[in-house]
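These notes are about the structure you will find just below.
The values are calculated or read from the model by the stated rules, or taken from the named source; none is laboratory data. Computed from a prediction, not measured in an experiment: that's the story for all the values here. Cβ atoms come from the backbone with ideal geometry, glycine included; neighbour counts cover every protein chain shown. Ligands, DNA and RNA are stripped out before the accessible areas are found, and what is left, the full protein with its side chains, is counted by its heavy atoms. Shrake-Rupley method; radii C 1.70, N 1.55, O 1.52, S 1.80 Å.
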Amino acid sequence: QVQLVESGGGLVQPGGSLTLSCAASGNIFRINAMGWYRQAPGKQRELVASITRGASTNYADSVKGRFAISRDNAKNTAYLQMNSLKPEDTATYYCNGDIMVSALTTSRGYWGQGTQVTVSS
């Protein structure tokens, strides 16, 4: 069984910063790409940022230059540093990991439960 647990969300003023963490645990053989997604009320879930095992990154245009994704492979953990936050960044943020549970199986995506980020004065 694999679990992803996000932490670090909260209420922050516009222009502020937050760092989200996503810790994967359980029966993990290898984690390939990891990503952060977000979903605001009434909107579809969207990709915010992703990172490969080799640390190649990809960002949504709306967060380029403000957010930074990173990971610690030894700790099976991904991070999302969010700076210059705007009210439109308000959403539930979800972590996704493309995970293999053994060398004999193909990878599949696992989701965390989400953490709320609210940007408001």
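For region 45-57, the set of residues classified as more than 15 Å from TYR94 (Cα to Cα), of a type outside the set (A, V, I, L, M), open to solvent by less than 80 Å² (accessible area, probe 1.4 Å) and touching a strand residue (DSSP E or B) at 6+ places or on another chain (Cβ under 8 Å) consists of THR52, THR57, listed by residue number. So is TYR94 within 30 Å of ASN27 (Cβ to Cβ) and either at pLDDT 95 or above or of a type in the set (A, V, I, L, M, F, W, C) (or both) or not? Considered against the rule, which asks whether it is within 30 Å of ASN27 (Cβ to Cβ) and either at pLDDT 95 or above or of a type in the set (A, V, I, L, M, F, W, C) (or both), TYR94 comes out as yes.
A single entry from ALA74, ALA78 fulfils the requirement of being open to solvent by less than 40 Å² (accessible area, probe 1.4 Å), small (Gly, Ala, Ser) and within 19 Å of GLU6 (Cα to Cα): ALA78. Among residues of region 9-25 that are under 17 Å from LYS86 (Cβ atoms), those with a Cβ under 9 angstrom from a residue that is open to solvent by less than 20 Å² (accessible area, probe 1.4 Å) and assigned to a loop (DSSP other than H, G, I, E, B), sequence gap 6+ or separate chain, pair up as GLY9/GLY114; VAL12/LEU85; GLN13/LEU85; PRO14/LEU85; GLY15/LEU85; GLY16/LEU85; SER17/LEU85; LEU18/LEU85. Look at (1) open to solvent by less than 20 Å² (accessible area, probe 1.4 Å); (2) under 23 Å from GLY10 (Cβ atoms) and you find that ILE99 fails only one, number (2). Restricting TYR79, TYR93, TYR110 to those that are in contact (Cβ under 8 Å) with a residue 60 or more places away in the chain and under 16 Å from SER62 (Cβ atoms) reduces the list to TYR93.
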